[in-house]
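Structure record follows, encoded as structure tokens.
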Amino acid sequence: MNQVYFSDKEKGAEPRINEKISLNVWRGIRAKILTLIDNGSFGYKFPEECKDGGGNVIGTKRQSMSDILKGEIPEIIEERKVGDDYIEKANILLDSDRQDTVPSTLTILDIIQFSYKNIAKPTKENFHEYFKHHHLVFDRDEGQKEFREDINLIFARNGIIFDLQENGQIIRLAPPILREKLSEVIFLTRDNELNEILESARTKYLDPNISVRRESLEKLWDAWERIKTIEPAEDKKQSTKKLLDKASLEPNFLKILEEDAKKLTEIGNQFQIRHSEINKTPVNKSEHIDYLFQRLFAIIYLLLKSSVS
């Protein structure tokens, strides 16, 4: 169970808005993983075996873990020029002289996912008198649970916007106003292709990579154009009118929806969302992606609820 710090109870939790992992946060994550390497938690996947030949695990085989890490996460290797002719390579997780090197945030998140995938909680079993060590047995579920809680505590205490999920994936938390809806929503319209587009938009929006998050806007605007045809009608314009009419019988509110629907369509055409021509305005800031996604998602959510109710 995660500890609740007194300061959180007194002044509230730190807002989860930081998208970059700082040196101090990386040091905490790195120290946690190194501690787990030392206590044998990664021996489940990278076993250092007892020399008695019985296949008993006594700890983590660091070299095996390092080699697999380098294969799966090439960015973990840092190159430094030493002198005129020699380039030194080092593992920024495992090499002690790299404790002040901060990998990119995406690399750190990959390291966390790698660790979660390969960890298990070790328990000392029988003591090997001759070699003076214990043999280990492992509980993978408990090890992953404790690791996930510890990492998410570090994220939460430092206002980091990411969250390690039970399935081992890391998501970017949506802004609080949208977080609950996105976590609980299941798209079950009568149009299966629309459902798939909306789910793709939701998944991409929660991705830590800003390039993938930008793709979420394209998917959401694709869904927006398809939603306009969901009501039976002769053309898209009439279908859109029927959809908006269902959402509100109050004339003033309906007018707001009509104006917003028109403006959102214009945004999709003016920005590099559904079109990539050089004369379209790019969307490069993460907070701008948040704003545009929330704005369109709000009207889509309303219209779909009204349509099926």
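Residues that are under 11 Å from N158 (Cα atoms) and of a type in the set (D, E, K, R) were ranked within segment 18-32; the one that is least open to solvent (accessible area, probe 1.4 Å) is E19.
Among the residues of segment 261-288, those that are among the basic types (K, R) and surrounded by 14 or more Cβ atoms within 10 Å (Cβ to Cβ) comprise R274, K280.
Taken over segment 107-164, residues that are surrounded by fewer than 16 Cβ atoms within 10 Å (Cβ to Cβ) and of a type in the set (G, A, S) amount to 1.
As for segment 35-54, it holds no residue that is in contact with a helix residue (DSSP H, G or I) (Cβ under 8 Å, 6 or more places away or on another chain), buried (at least 16 other Cβ atoms within 10 Å of the Cβ), modelled with pLDDT of 80 or more and within 22 Å of I161 (Cα to Cα). Within this structure, I68 fails the test of being at pLDDT 90 or above, open to solvent by less than 60 Å² (accessible area, probe 1.4 Å) and not small (G, A, S). For the residues E218, E259, the requirement of being more than 30 Å from G168 (Cα to Cα) and among the charged types (D, E, K, R) singles out E259.
Would you confirm whether any residue within segment 147-162 is at pLDDT below 90 and of a type outside the set (D, E, K, R)? No, because not a single residue in segment 147-162 is at pLDDT below 90 and of a type outside the set (D, E, K, R). Just one of the numbered conditions (1) of a type in the set (S, T, Y); (2) open to solvent by 30 Å² or more (accessible area, probe 1.4 Å); (3) in contact with a Ser or Thr (Cβ under 9 Å, 6 or more places away or on another chain) is not true of S248: (2).
The values are calculated or read from the model by the stated rules, or taken from the named source; none is laboratory data. As the structure is a computational prediction, the values presented were derived from the model and not from experiment. Don't worry about glycine lacking a Cβ; one is built from the backbone with ideal geometry, like all the others, and counts go over all protein chains shown. For the accessible areas, the whole protein counts, side chains as well, though only heavy atoms, and no ligand, DNA or RNA atoms are used. Shrake-Rupley method; radii C 1.70, N 1.55, O 1.52, S 1.80 Å.
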